[in-house]
1. So if we plug the beta-carbon distance of D158 and D222 into 1/(1 + (r/R0)^6) with R0 = 30 Å, what FRET efficiency do we get, rounded to 0.05?
2. Between region 214-245 and region 1-33, how far is it from one alpha carbon centroid to the other, in angstrom?
3. Once the piece of chain linking E67 and M327 is laid out straight, how much longer is it, given 0.36 nm per residue of separation minus the C-alpha distance between them?
4. Can you give the % of DSSP beta bridges in the chain that are antiparallel, to the nearest 5?
5. Normalised by the residues of region 100-199, what does the relative contact order come to in percent, with Cα pairs under 8 Å and at least six apart?
6. Return the loop-located GluC sites (Glu not before Pro) in region 20-87 (DSSP other than H, G, I, E, B) with at most 12 other Cβ atoms within 10 Å of their own Cβ; answer none if there are none.
7. Under the rule of at least 5 residues apart or a separate chain, name every residue whose amide H is placed under 5 Å from the amide H of G47.
8. Given the C-alpha centroids of region 323-344 and region 65-126, what is the distance between them in whole angstrom?
Amino acid sequence: MKAIVKTKTGPGVEILDVAKPEIREADILVKVQAASLCGSDLHIYEGTPGYEYLPLPVILGHEFAGEVVEIGRRVQGLAIGDRVTANPTMPCGQCDWCKVGKGGRCRSGFSLGLTGNGAFAEYVVLKAGGDIFKIPDNVSLECASLCEPLSIVLNGVDVSQFQGGQPVVVLGPGPIGLLAVQVLKASGAGPIILTGTTADARRLEIARQLGADIIVNVQEEDPVKAVIRHTGRVNFVFEATGISATIAQGLAMLNPGGKLMVIGIHAEDAVFNPLDLVRKRKSIIGVYGYNQNTWKRSLSLLSTGAINPEPMITHRIPFSKGEEGFMLAHDKTAAKVIFVPEEQ
Ligand SMILES: [Zn+2]
Ligand SMILES: [Zn+2]
């Protein structure tokens with residue numbers, strides 16, 4: 001089968017023909033119908049620091065949906081033909097966090113497409129003990145493949161304790177930023193200010209469709225001044241750029257006591273004045289991951305139509321042309337790239 005594989009450190013990925021995986025008695029085999037390219041996959045492709053722990057070679061991909069085609073003897077509750085998506089992380093069950101029921105913070109769990117082979121391939125093996133979710137009939141496999149980033153955003157909004165009926169700023173129109181716009185819109189935020197650059201033109205256009213009220217091009221206008229001019233300072237800023245300069249900018253956009261929620265994955269140190277945290281009691285809160293309940297809510301939000309990420313899916317690329325997908329995401333032509341099987 002074709003697979004998108006990280007074979008060596010530094011930039012790039014390779015498209016390889018690899019053997020179709022075999023399952024053990026507690027595994028299921030899923031035929032991947034849609035696998036979505038994540039910002040972290042892009043970082044790995046670009047060779048950004050922070051992913052040295054990957055055991056190379058490894059098949060990438062952790063956002064996916066597909067159909068169950070084989071089931072191990074000891075697996076219960078799933079049937080051939082089920083449409084599923086899954087939490088790509090699997091806690092170890094042994095470490096101090098796992099033992100107190102906080103598997104989301106596990107120190108050594110398995111992570112699909114990072115610590116082991118993932119879903120950028122025609123087939124992926126899932127351990128039946130993990131969080132595997134059946135997809136409601138009215139949710140497309142492509143949209144379901146976005147459950148993972150959607151769950152990250154839902155968790156971020158949960159942790160922020162955001163309450164609707166007020167303006168909010170989202171920094172960055174990548175997939176996480178675009179999903180944040182939708183989740184915040186559904187939570188009653190308004191107006192929503194979204195920042196981006198000239199290269200983000202297409203993503204910013206999609207953002208408008210998804211509910212962003214005010215778009216700020218940071219190359220044309222100072223983003224802090226723009227926020228103050230449009231709405232005044234805000235109580236919540238959601239950072240989804242991974243660019244270190246946005247930390248100080250985000251803080252400057254906040255009212256005293258406001259929260260800067262950091263969702264972006266940063267490779268560089270950020271410079272900011274801690275007085276903002278002290279005298280102005282602002283906080284910088286990092287959010288990462290999700291729990292089983294976040295996933296269930298993601299699927300219901302997709303099923304009720306409260307969240308419809310369809311406009312974000314700008315490209316469908318077969319696994320065999322994987323590199324093309326990474327290039328489209330790298331130059332920001334794409335909002336969300338979905339890898340699909342060859343026959344489509
Ligand atoms: Zn992801
Ligand atoms: Zn653990």
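Computed from the coordinates by the stated procedures, all read-outs in this text should not be read as laboratory data. Keep in mind it's a predicted model, so treat the numbers as computed, not measured. A quick note on method: Cβ atoms are made from the backbone with ideal geometry, for glycine too, and the neighbour counts reach across all protein chains shown.
1. On the way: r = 31 Å, r/R0 = 1.03.
With R0 = 30 Å, the Cβ-Cβ based efficiency is 0.45.
2. For region 214-245 versus region 1-33, the Cα centre distance is 40 Å.
3. My answer for the length gained is 90.8 nm.
4. The antiparallel fraction comes to roughly 55 percent.
5. Values: 72 pairs, mean separation 20.5, N = 100.
Over region 100-199, the number comes to 21 percent.
6. Answer by residue number: E22, E25, E52.
7. G12
8. What the calculation gives is 24 Å, centre to centre.
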